[in-house]
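Data block below; observations after.
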Amino acid sequence: MRRERLIPLLEWARREGMSESLARKWIREGRVEAVRLGHYWYIPEVVDGPEQGTQTYTFFTHAGGAGKTSLARDLGFELASRGYRVLLVDADPQANLTAWLGVDPNSVEEEETLLKVIRQDLLPRPRQVGRNLYLIPASVNLAIGELELDKKPLGALALRTALERVEGEYDLVLVDSLPSLGSLAVMAALAGDGLLVPVETGAKGIQALGAVIQVAKEYREALRKVNPEGVAGRSHIISAFIPTKYDARTQGDNRILQALGELEEIAPVAPRVAYRPGPHRKATEGQIPIQLTGDREAAEEVALLTDFLLKRVFRFEEVVA
Amino acid sequence: MSAIRAYLKGLVEEAKSPATSHLPLEALLPSPQPRRRFENLEALAESVREKGVLQPLLVRPLGDGRYAIVAGERRYRAAKMAGLTEVPVRVLDLSEKEARLLALVENLQREDLNPYEETLGVLELLSEELGKTREEVVALLHRMQNERRGKATHNVVGSPEAQRVEGVFQALGRMTWESFVQHRLPLLGLPEDLRAALEEGALPYTAALELKKVKDPEARARLLEEAKGGLSLRELRAKVREVMAKEKSPPPWHKEVATRLARLDPESLPPEKRQEVERYLKALLELLG
């Protein structure tokens, strides 16, 4: 299968044996096709990748501000630029993911959102928001869906069922859940193969874990009936913990980060994502992922996290050149 | 250890323990239990294949992510045969001793243990509960029975030990300790052929006890075949009595007279017969006097 991936300019220049400035000159002269995203230039490259099934994960925690939406945006972009076809699903009526990806929530029709899944059991046609990157947007009206879901038989499995129909069209589906344990959140959680749980590195994040683990066990029981092989041998459906909003300057955060290692017995604990208010604001304002804001550390962090998830959680065959 | 770490460790335990009710078969370990034979497993496996395991197994955590089966090894084996990957369970937090007791009680409350297994199971339960060997338990039970019948002075009946014995039988709700001593303990002394028939389920235990009276192996083998063929207990009893009568030499005839006389009530006889009987008796009395 042919896929397109984006090579950062510096990496491409090094591979071609030329200096970065010569590569920039070539771009200016139109001798090489390149795209500018945020702060950086990328060279698109078509590669042959292996055919593989779709994997679906849900960013899940009922705690607000833990970093679900930022992670969905940044990981989605990173994975897409590495050649994976990624579908992002905004399941939050706040529609932050939608807005942060440059789609005005006010322009979003109801049938473009998960309301179509709830009402017609069909996945809406996603908007393309980048190379390899697609989005099912949200709007504030999605909140009505919560009420409609309560009345719908087997509504909790609606998204899962709709996604099964597009199996194979994407490599990864990442669902951005809402900070709640209501029926929309349940539908999002049951959509796929497991939960990616952002844990705010602090007392608030730790406190939220109890309820997350409890519901992850209940969801596992619910999925046992529809996907017995997928959940066999597991007592919950948590696929990874991702420590977020880590502040290296505080003693408390360091202690908590270390203690979070205990969770490795439940599911892989990913490398932490630091608290970066500056780049974060720049990203949301510029409607770009944080790795395009020019903050080198932030970009490295996302790359590291992506490497980890690809190795420990998603386990794809690599898309190679 | 910091409070955070302790809290997280608690969460890890919580996450590892299964929510309600399902565990993969690999996580389960069978433990020693009273059942000796697993019959009709194919039939159970067939029903498990169709309907799944309906009644949860009782298990207890071993602390390493695995669980010991407290009750339900038959269902476990059937599920394995049926190719299931997991079974419904109820996780109980039990010590090993409590688990053994519960396994015994659970197994005894089922219908399909044969009487011999059941007897051994009850004895095991009692020996577990009292901390005595099986022989000591049997001796205690016999002693209790003798006292109850007035054959021995009351030393044991009413003692804490005896009360615990009665408690166990009450919990089982199957039979009283008296009937256990009278009808079930004799099963332990059964000759090999009868025990085998009992374990196969080919023979009711009442028939086995009846046949036990016949000492001659040949005669017993013949009667055993007949009993397996579906002889009623009444018929069997008559045949056993017949064989036993042949086995025993008949009692001397004067003893026979003595037994008849002991049962004699002259007033119930017709007048002529009564006169005649009384005449002979007087003569006999004078002769012996």
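The values are calculated or read from the model by the stated rules, or taken from the named source; none is laboratory data. These numbers were taken from a predicted model, which means no experiment stands behind them. Note that we place each Cβ from the backbone using ideal geometry, even for glycine, and neighbour counts take in every protein chain shown.
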Of all the strands (runs of 3 or more DSSP E) wholly in the range A:61-163, which have at least 3 residues that are within 29 Å of A:Asn227 (Cα to Cα), in contact (Cβ under 8 Å) with a residue 40 or more places away in the chain and in the same structural domain as A:Ala203 (by TED's automatic domain parsing)?
-> A:86-90, A:133-136
Could you tell me whether the range A:185-200 includes any residue that is more than 15 Å from A:Gln120 (Cα to Cα) and surrounded by fewer than 17 Cβ atoms within 10 Å (Cβ to Cβ)?
-> no
Find all pairs meeting these conditions: Cβ atoms under 7 angstrom apart; at least six residues apart or on different chains; first residue within the range A:260-274 and among the charged types (D, E, K, R); second residue surrounded by fewer than 20 Cβ atoms within 10 Å (Cβ to Cβ) and in a helix (DSSP H, G or I).
-> A:Glu262/B:Arg5; A:Glu262/B:Lys9; A:Glu262/B:Val12; A:Glu265/B:Val12; A:Arg272/A:Leu257
Taking A:Tyr219 as meeting all but one of (1) facing another protein chain (nearest Cβ under 10 Å); (2) farther than 30 Å from B:Leu28 by Cβ; (3) among the aromatic types (Phe, Trp, Tyr), write down the number of the exception.
-> (2)
Identify the single condition in (1) of a type in the set (Lys, Arg); (2) in a strand (DSSP E or B); (3) out of contact with any strand residue (DSSP E or B) (no Cβ under 6 Å at 6 or more places or on another chain) that A:Arg5 does not satisfy, given that it satisfies every other one.
-> (3)
From A:Gly278, A:Gly261, A:Gly233, A:Gly252, residue being under 30 Å from A:Ala158 (Cβ atoms) and either surrounded by fewer than 19 Cβ atoms within 10 Å (Cβ to Cβ) or within 14 Å of chain B (Cβ to nearest Cβ) (or both) | A:Gly233
Can we say A:Arg272 is charged (D, E, K, R), more than 18 Å from A:Leu174 (Cα to Cα) and either under 16 Å from the mean Cα position of the chain (by Cα) or not assigned by TED's automatic domain parsing to the domain that holds A:Glu78 (or both)?
-> yes
Is one or more of the residues making up the range A:301-311 away from every other protein chain (no Cβ under 14 Å) and part of a loop (DSSP other than H, G, I, E, B)?
-> no
Condition set over 22 Å from A:Thr61 (Cβ atoms) and touching a helix residue (DSSP H, G or I) at 6+ places or on another chain (Cβ under 9 Å), scope the range A:151-169, selection surrounded by the most Cβ atoms within 10 Å (Cβ to Cβ): answer is A:Ala162
If we keep just the residues of the range B:159-188 that are part of a helix (DSSP H, G or I) and among the β-branched types (Val, Ile, Thr), which is nearest to the chain's Cα centre (by Cα)?
-> B:Val181
Only one residue in A:Ile242, A:Ile266 is at pLDDT 90 or above, within 18 Å of the chain's Cα centre (by Cα) and within 30 Å of A:Gln55 (Cβ to Cβ). Which one?
-> A:Ile242
Of the criteria (1) in contact (Cβ under 8 Å) with a residue 12 or more places away in the chain; (2) within 21 Å of B:Glu98 (Cβ to Cβ); (3) in a loop (DSSP other than H, G, I, E, B), which one B:Val156 fails | (2)
Checked A:Ala63, A:Ala13, A:Ala34, A:Ala23 against criteria (surrounded by 14 or more Cβ atoms within 10 Å (Cβ to Cβ), within 21 Å of A:Thr293 (Cβ to Cβ) and not β-branched (Val, Ile, Thr)); the one match is A:Ala34
If you scan the range A:195-211, which residues turn out to be in contact with a Phe, Trp or Tyr (Cβ under 7 Å, 6 or more places away or on another chain), within 13 Å of another protein chain (Cβ to nearest Cβ) and closer than 13 Å to A:Phe60 by Cα?
-> A:Leu195, A:Val197, A:Val199
